[in-house]
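Here is the structure we will look at, set down as structure tokens.
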Amino acid sequence: MTTAVPSLAAAEALDQQDPLASRRALFDLPADVIYLDGNSLGALPKDVAARTATVVSTEWGQSLIRGWNTHDWIGMPARVGDKIGQLIGAAPGTVVCADSTSVNLFKVLAAALALRPDRRDIISQRDNFPTDLYMAQGLISLTGGDRRLRLLDDANVIPALSEDTAVLMLTEVDYRTGAKLDMVAITQAAHDVGALVIWDLAHSAGAFPVDLTRAGADFAVGCGYKYLNGGPGAPAFLYVAPAHQDDFAQPLSGWMGHASPFTFEPDYRPAVGIDRYLCGTPSVLAMSALDVGVDIALEADMGAIRAKSIALCDFFITAVEQLAPGHGLQLVSPRDGTLRGSQVSFAHSDGYPVMQALIARGVIGDFRAPNILRFGFTPLYVRFTDTWRAAETLADILATRAWDDPAFHARKSVT
């Protein structure tokens, strides 16, 4: 998909040509809002209300405890996991839906380190999402501090790899800038020195095509509430390559990861395959909502999603630079669409109040410290006309200094 010089007329023409235009009707979007924060929390799929109502009133309400068998609640982690696997290039039986991204990262990082007992280093980027770094720090402390977390300032991580590298732990798309790493090249470089790789797909899954099998990835984690539109706090997922599934009993040895949970044995025996990475009882209500969002993503063509994502972001960048020159904005996302995820980020010295002013006018993005205005573009429901109007609103707020209102400077708990 190519874009013309940004204008409202150009945006309207692009919307008329959009092969994904009909998908917007699947989401419940407020009429007075331009929603550019799907990279933090996806919009509500309309079918979620009916689906969760059925689960509550019929499955839970009428079947009660029988629902675990009658409605196969017990199989949901594997069933939803396999669906997510189709979106990230993972074979059946390699993905489960469970827990949170942080908890799943703890599991797979512990597994990876156990497979490289004679190596010391966990390598990551200093700008990686903090929870990933915190979980690594906590695991190192818990296991006696023999491992070392090396944080790199350079986006080029390959030169830092060595025979002392146990695990390379990276997020494919930088949460601040949207910069996208080359999963295939980096994974191969890590394997060349005998290291294992964990990929965080929080800003990848559902946003563009991912192929973990082609990349040879060892482990991956991701969340369900961004581009998969699973709802606030939706269950996360984890991937384990077939070669590693039976080599390690993960440390959170809860009963759902047991080989035979309902024999209630006093000693833990890990399940065969991906099931051993489960821990506690699955959240049936939350996973039912996520299942709706995953189905919507599966029904769309991921190639078309990627093409529209790049076009939307290119359109927004050009529109903002055309409408708001000289107002202190600095593009921090890659200009080349193939090198970024589905977001655009600008730095501004007063980024927080600028974003609050935008939100007050119905253009919802978010702010990331220290100075990043972040705009996420979910091609399933964001239109080019939304993109143009968001750029117009941003330009007006900057030109009039409408952001410089004490109310917009007051920091809220969630930014």
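The values are calculated or read from the model by the stated rules, or taken from the named source; none is laboratory data. These figures come from a predicted structure and were not determined experimentally. All Cβ positions, even for glycine, are placed from backbone atoms using ideal geometry, and neighbour counts span all protein chains on display. Heads up: the accessible areas ignore ligands, DNA and RNA and are worked out on the full protein's heavy atoms, side chains in. Shrake-Rupley method; radii C 1.70, N 1.55, O 1.52, S 1.80 Å.
How large is the accessible surface of residue 281 in square angstrom, using a 1.4 angstrom probe and rounding to the nearest 10?
Approximately 80 Å² of residue 281 is accessible to the 1.4 Å probe.
In debye, nearest 20: dipole of the chain around its Cα centre with unit charges on the Cβ of K, R (+) and D, E (-)?
That gives a dipole near 400 debye.
Quick one: ranking 182, 267 by accessible area, 1.4 Å probe, largest first, what do you get?
Most to least solvent-accessible, the answer reads 267, 182.
Rounded to two decimals, what is the ratio between the C-alpha radius of gyration of the range 132-228 and 2.2 N^0.38 Å? Mind dumping the intermediate values first?
On the way: Rg = 13.7 Å, N = 97, 2.2 N^0.38 = 12.5 Å.
Taking the Cα Rg and dividing by 2.2 N^0.38 Å, one obtains 1.09.
If you take every DSSP beta bridge whose two residues both sit in the range 133-235, what share of them, in percent to the nearest 5, is antiparallel? Don't skip to the end; give the middle numbers.
Working: 1 of 9 bridges.
Antiparallel: roughly 10 percent of the beta bridges in the range 133-235.
Using a 1.4 Å probe, what is the accessible area per residue for the chain, in Å²?
41 Å²
Which shape class, rounded, prolate or oblate, goes with the range 194-259 when its Cα gyration tensor gives a ≥ b ≥ c as root eigenvalues, a/c under 1.5 marks rounded, and past that a/b bigger than b/c marks prolate?
Since a/c reaches 1.5 but b/c is at least a/b, the shape of the range 194-259 is classed as oblate.
When a/c reaches 1.5 or more, the comparison of a/b and b/c decides; with that in mind, is the range 101-141 rounded, prolate or oblate per its Cα gyration tensor?
Working: a/c = 2.06, a/b = 1.36, b/c = 1.51.
Cα axes put the range 101-141 in the oblate bin.
Could you give the distance between the Cα centres of the range 200-214 and the range 39-111, to the whole Å?
Centre-to-centre distance over Cα atoms comes out at 18 Å.
May I ask you to work out the translational diffusion coefficient for the range 274-337 at 10 °C, viscosity 1.306 mPa s, via Stokes-Einstein with Rh from the Kirkwood sum over Cα pairs, reported in whole µm²/s? Before the final figure, lay out the partial values.
Details: Rh = 15.8 Å.
D = 101 µm²/s.
Just in the range 7-77: which chymotrypsin sites (Phe, Trp or Tyr not before Pro) are loop by DSSP and have at most 13 other Cβ atoms within 10 Å?
Nothing satisfies the criteria.
Let me know the whole percent of all Cα-Cα pairs from the range 181-293 that are separated by more than 21 Å.
48 percent
Among the aspartates and glutamates, select those whose C-alpha is under 20 Å from the C-alpha of residue 412, and discard any that sit fewer than 8 residues away in the same chain.
Of all the aspartates and glutamates, those that pass the test against residue 412 - Cα under 20 Å, at least 8 places apart if same chain - are 37, 350, 366, 404.
In a GNM of the chain with a 10 Å cut-off on Cα contacts, which of 362, 145, 178 has the highest mean-square fluctuation?
145
Pop out the ³J(HN,Hα) list for the range 143-157 in order, Karplus 6.51 cos²θ - 1.76 cosθ + 1.60 with θ = phi - 60°, rounded to Hz; leave Gly and Pro as x.
9, x, x, 6, 8, 9, 9, 9, 9, 9, 8, 8, 5, 7, 7
Using 0.36 nm per residue, how much length does the chain from residue 50 to residue 285 gain when fully extended, once their Cα-Cα distance is taken away?
My answer for the length gained is 83.4 nm.
Return the single residue from 239, 225, 134 with maximal mean-square fluctuation; model: Gaussian network over the chain, springs between Cα atoms under 10 Å.
Looking only at 239, 225, 134, the biggest GNM fluctuation is shown by 134.
Work out the FRET efficiency for residue 60 and residue 120 from their Cβ-Cβ distance, taking R0 = 45 Å, and round it to the nearest 0.05.
E(calc), rounded to 0.05, equals 0.40.
What percent do you get for the relative contact order of the chain when only Cα pairs under 8 Å and 6+ apart count?
Contact order relative to length: 23 percent.
Would you list 291, 28, 174 from the most to the least accessible area, probe 1.4 Å? Kindly include the intermediate steps, with their values, before the conclusion.
Working: 291 15, 28 90, 174 35 Å².
Greatest to least solvent exposure: 28, 174, 291.
Please identify every one of the chymotrypsin sites (Phe, Trp or Tyr not before Pro) in the range 246-339 that sits in a loop by DSSP and has no more than 15 other beta carbons within 10 Å of its own beta carbon.
Counting only loop positions with at most 15 other Cβ atoms within 10 Å, the chymotrypsin sites (Phe, Trp or Tyr not before Pro) in the range 246-339 are 264, 268.
Just checking my list [x] 0.99; [y] 1.03; [z] 0.95 against Rg/Rh (Cα atoms, Kirkwood Rh) computed from this structure; which label fits?
Checked against the structure: label [x].
Please report the net charge: other residues with Cβ closer than 12 Å to the Cβ of residue 347, K and R +1, D and E -1. Please list the in-between numbers first.
Details: positive: 176, 368, 374; negative: 350.
With Lys, Arg at +1 and Asp, Glu at -1, the net is +2.
Antiparallel DSSP bridges in the chain: what percent, to the nearest 5?
Beta bridges within the chain, antiparallel portion: roughly 55 percent.
Taking amide H positions as placed 1.01 Å from N in the peptide plane, with prolines and chain starts having none, which residues 5 or more places from residue 44, or on another chain, fall under 5 Å of its amide H?
Placed amide hydrogens put 28 under 5 Å from residue 44.
Please report the projected area of the range 355-415's Cα convex hull averaged over all directions, in nm².
Details: hull surface 17.9 nm².
That works out to 4.5 nm².
Within the accessible area of the chain, what % is carbon and sulfur when the probe is 1.4 Å and the other protein chains stay in place?
Numbers: 9180 of 16950 Å².
In the chain, the share of accessible area belonging to carbon and sulfur is 54 percent.
Under a 10 Å cutoff between Cα atoms, tell me which one of 230, 93, 138 has the largest fluctuation in the Gaussian network model of the chain.
Fluctuation is largest for 138.
What number comes out for the charge environment of residue 301, summing +1 per Lys or Arg and -1 per Asp or Glu over other residues with Cβ under 11 Å away?
+2
Given H placed 1.01 Å from N in the peptide plane, which residues other than close sequence neighbours of residue 222 have an amide H under 5 Å from its amide H?
So residue 222 has HN proximity to 201, 237.
Can you give the relative contact order of the range 81-236 as a percent, counting alpha carbon pairs under 8 Å and 6+ residues apart?
This gives 27 percent for the range 81-236.
What ranking of 163, 392 comes out by heavy-atom accessible area, probe 1.4 Å, highest first?
Correct descending sequence by accessible area is 163, 392.
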